[in-house]
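S.K.: Could you have a look at this structure, given as structure tokens, before my questions?
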Amino acid sequence: MVWIQRVSPRPFAARRVVCFPHAGGSPYFFQQWGKALGGFEVHAVCYPGRAERIAEEPAGRLIPMAREIAREAADLMREDDRPTVFFGHSMGAVVAYETAVALADDHLAPHHFFASGARAPQLMRPDPGARWDDASIAAALVELGGTDAELLDNPAFVEFVLPYIGADFRMLSSYAPAPRAPLDCALTALVGEDDPRVTLDQASAWRETTRGAFAVRTLPGDHFYLAHHPPFEIIEGSSAGR
């Protein structure tokens, strides 16, 4: 059971970035990032129920899952003194945040945290009554812009992929953040200017989650702006270690 995979082994890179996928996402989403981020060794988190972990049951609770990831992230960060950057998109931003919270208990922290396409955790409320049947999942995917509508007519997609996307949506709907001390790292919130689910104000509220330097950036595109315009220059320009 491996939570964090090396997308591109680069032991002599000055920094590493750990990428946390969106709901329904897998490490494959970041497969090309290793070539583009030359100054980083790129790693990606693999949630259970997809990719190499397809035979496992998807996670049901976000915070316990983040604690498992944090244990592996701590081992990775102790391998050497390279600065570690977290990049989380959508649900992945919340998972990355809770991972950073767990690491703080172990006196570790990412040097820079990118929260992409996500409202700040203190704005989130559990919604246990949310209906995430196939129809509502499909509607949400189309609205967010990350899935071609034609895929929803593909029986293989519906049979193998929709179940773990639904599990992720249900997990996020049950997420209830506890009061936390602010993180001790630089944090940049990123949001697509046409994102239908996350406003600039909701992204800007990430400011409250850290004592470190904070910035918010809007980028062209919708919720999945990074599929067509990955924020490589912003990540490369991050002053890890601030």
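S.K.: Could you check, for segment 46-54, whether at least one of its residues is open to solvent by 30 Å² or more (accessible area, probe 1.4 Å), at pLDDT below 95 and over 18 Å from P231 (Cα atoms)? If you could, list the steps in order and put the result at the bottom.
M.R.: If we filter segment 46-54 for residues that are open to solvent by 30 Å² or more (accessible area, probe 1.4 Å), which is where we start, we get 52, 54.
Add one more test, that the residue is at pLDDT below 95, and what stays is 52, 54.
Those still in the list that are over 18 Å from P231 (Cα atoms) too: 52, 54.
Yes, segment 46-54 has at least one match.
S.K.: If E193 satisfies all but one of (1) closer than 30 Å to A59 by Cα; (2) touching a Pro at 6+ places or on another chain (Cβ under 7 Å), what's the number of the condition it fails?
M.R.: Just one mismatch for E193, condition (1).
S.K.: Oh, and also: If E236 meets every condition in (1) at pLDDT 95 or above; (2) in contact with a Phe, Trp or Tyr (Cβ under 9 Å, 6 or more places away or on another chain) apart from one, which number is that one?
M.R.: With respect to (1) at pLDDT 95 or above; (2) in contact with a Phe, Trp or Tyr (Cβ under 9 Å, 6 or more places away or on another chain), E236 is out only on (1).
S.K.: Would you mind finding the one in G146, G117 that is at pLDDT below 85, under 18 Å from the mean Cα position of the chain (by Cα) and buried (at least 19 other Cβ atoms within 10 Å of the Cβ)?
M.R.: G146 is the lone residue from the list that is at pLDDT below 85, under 18 Å from the mean Cα position of the chain (by Cα) and buried (at least 19 other Cβ atoms within 10 Å of the Cβ).
S.K.: Report, by residue number, each residue of segment 187-205 that is in contact with a Phe, Trp or Tyr (Cβ under 7 Å, 6 or more places away or on another chain) and closer than 22 Å to T99 by Cβ.
M.R.: Matches in segment 187-205: L187, T188, A189, L190.
S.K.: Of all the helices (runs of 4 or more DSSP H) wholly in segment 166-242, which have at least 2 residues that are under 29 Å from D127 (Cβ atoms) and either small (G, A, S) or open to solvent by less than 50 Å² (accessible area, probe 1.4 Å) (or both)?
M.R.: In segment 166-242, 200-204, 225-228 are the helices (runs of 4 or more DSSP H) which contain 2 or more residues that are under 29 Å from D127 (Cβ atoms) and either small (G, A, S) or open to solvent by less than 50 Å² (accessible area, probe 1.4 Å) (or both).
The values are calculated or read from the model by the stated rules, or taken from the named source; none is laboratory data. In this text, all values refer to a predicted model and were calculated from it rather than measured experimentally. Note that we place each Cβ from the backbone using ideal geometry, even for glycine, and neighbour counts take in every protein chain shown. Heads up: the accessible areas ignore ligands, DNA and RNA and are worked out on the full protein's heavy atoms, side chains in. Shrake-Rupley method; radii C 1.70, N 1.55, O 1.52, S 1.80 Å.
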